[in-house]
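The values are calculated or read from the model by the stated rules, or taken from the named source; none is laboratory data. The structure presented is a predicted model; accordingly, all values stated were derived computationally and were not measured. Quick reminder, even Gly has a Cβ in these numbers, built from the backbone with ideal geometry, and neighbours come from all protein chains shown.
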Amino acid sequence: MTLSRRALLAPLLAAPVVAPSLLRAQGAALEGVAARAAGLEQLHALIVMRDGAEVLATAPRGPGLARVANVKSVSKTLLALLTGIAIERGHLAGPEARVLPLLGRAPAGDARDDLTVGHLLSMRTGLPSTSGPNYGAWVGSDDWVGYVLDAEPTGAPGGRFTYSTGTWHVLGAVLAEATGRDLHDLATDWLAAPLGIDLPRWERDPQGRYLGGNQMALTPRALARVGEMVRQGGTWDGARVVPAAWLRTSWEARARSPWSGDSYGYGWFLTRLGGRFAAYGRGYGGQVLAVVPDLGLTVAITSDPTRPARSGGYFGDLVGLMDEIARAVVADGA
C-alpha cells in the first residue's frame, strides 16, 4: 500500500516544536507540557509564545497549526477589541453609549432603556440568556437582535453576570450600524490586515448580519498573533492596532463567572497563572486565548469544538496546563 503525502507528514506535523533557546533553560518543563497536552484527548493544538518568540507549537490531533479552527466564544474577545477600536475612532461615544438609540429602536419604557455598550461587553445586561439550552430557539428565530431586545428583562443593567451570546450579537449589530460596515469587513480591516492573518467569513443572521460573539475561525498561529498584539499593549510591528487604554479598561473586573469563579471585564475573563495576572478568552469545547503580560507569555489553544469543556472538567485541565506553562516561565527567572 502506498501512503499519501499527508499520511507521511502527519507524524511530523503533530510533533511538538520547542525553540532551542528555551530547550536549554526550560526544555524539560516544556517537553512535559507537550506530553501532557498530547494526553488531553480533546486538545487539537497548543501554541506558546514567550517575549515574541514561538517556544512551543504542537498539534497532536485535529486540523493542525496552519488550518483555521472555529474559536467559538473567543469571538467575544475579538469583538471586544473591535469595540475599543470603534470608540477610539469616534464611531461610538464610549461604553456609556445607550444601545436602543444606536440601533434606531424606540424606548422600551423599562430597564432596557438604560442598557449600554458597557453592559453588553460585561454581560450584565439584565436580559435573559440565549446561550446553553436557549441557544437553539434564539438562532432559530427570524430576528436575532429583536429576539434579544424584545425579551422581558430579568433585572437591571449593571447587575448580575448572565452569559449570553445573543447580547454579543446585539453588540455586533451596534458596531455595524455605527460604522456602516459589516463585522467581517471591520474585523478584516481593523484586526486581520494589520496582523497579516486571514479571517474567513462566518455565520450570519436572517438579516445578513455576521454573528457577534461566536463562530469566528482562525488558525492557531493567527490566534496566537492576536494574543501577542494584545500582550504588547495593542501594537504589532510598531503600529497601533488596539488602544492601550482600552486594554486596561477591558481588564478591570466588573463581574464574576458563577462557573469558574474568575472575574470578567470587557470580553476577557481575569485570573492568575503562575501567580501573575492573566486575561483570557474562552470558547465552547476548549478554545482559549490567554495572555500573562508580566511574563511576556501568550497561549493559544484550539480543541474539539463539538464537545463541552466545563470548568470542573476539560477546561479545568487546560487551566492547569496553562498554569504549568506560566510556572515554568517563573522558574526560568521571569
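Quick notes on this structure:
- Condition met for Leu127 (within 22 Å of Glu177 (Cα to Cα), in a helix (DSSP H, G or I), touching a Ser or Thr at 6+ places or on another chain (Cβ under 9 Å) and not small (Gly, Ala, Ser)): no
- Sole residue being outside any helix (DSSP H, G or I), of a type in the set (Phe, Trp, Tyr) and surrounded by fewer than 19 Cβ atoms within 10 Å (Cβ to Cβ), chosen from Tyr163, Tyr135: Tyr163
- Positions within region 248-257 being of a type outside the set (Phe, Trp, Tyr) and either touching a Ser or Thr at 6+ places or on another chain (Cβ under 6 Å) or assigned to a loop (DSSP other than H, G, I, E, B) (or both), in sequence order: Glu252, Ala253, Arg254, Ala255, Arg256, Ser257
- Among residues that are buried (at least 24 other Cβ atoms within 10 Å of the Cβ), outside any strand (DSSP E or B) and in contact with a Leu (Cβ under 8 Å, 6 or more places away or on another chain), Gly64 is not included.
- Residues that are modelled with pLDDT of 95 or more, surrounded by 19 or more Cβ atoms within 10 Å (Cβ to Cβ) and not aliphatic (A, V, I, L, M) within region 24-53 comprise Gln42, His44, Arg50, listed in sequence order.
- Subset of region 258-296 that is among the basic types (Lys, Arg) and out of contact with any Ser or Thr (no Cβ under 8 Å at 6 or more places or on another chain) - its residue that is surrounded by the most Cβ atoms within 10 Å (Cβ to Cβ): Arg276
- Within the span defined as region 99-118, every residue fails to be in contact with a Ser or Thr (Cβ under 6 Å, 6 or more places away or on another chain) and either on the phi > 0 side of the Ramachandran plot or not in a loop (DSSP other than H, G, I, E, B) (or both).
Each row is one residue, and each column tells you yes or no for (1) on the phi < 0 side of the Ramachandran plot; (2) touching a helix residue (DSSP H, G or I) at 6+ places or on another chain (Cβ under 8 Å); (3) not β-branched (Val, Ile, Thr).
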residue	(1), (2), (3)
Ala245	yes, no, yes
Gly275	no, yes, yes
Thr298	yes, yes, no
Gly313	yes, no, yes
Asp323	yes, no, yes
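The rows are residues; the columns are (1) of a type in the set (Gly, Ala, Ser); (2) touching a strand residue (DSSP E or B) at 6+ places or on another chain (Cβ under 6 Å).
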site: Thr235; (1), (2): no, no
site: Val242; (1), (2): no, no
site: Arg254; (1), (2): no, no
site: Phe269; (1), (2): no, yes
site: Tyr280; (1), (2): no, yes
site: Gly286; (1), (2): yes, yes
site: Asp294; (1), (2): no, yes
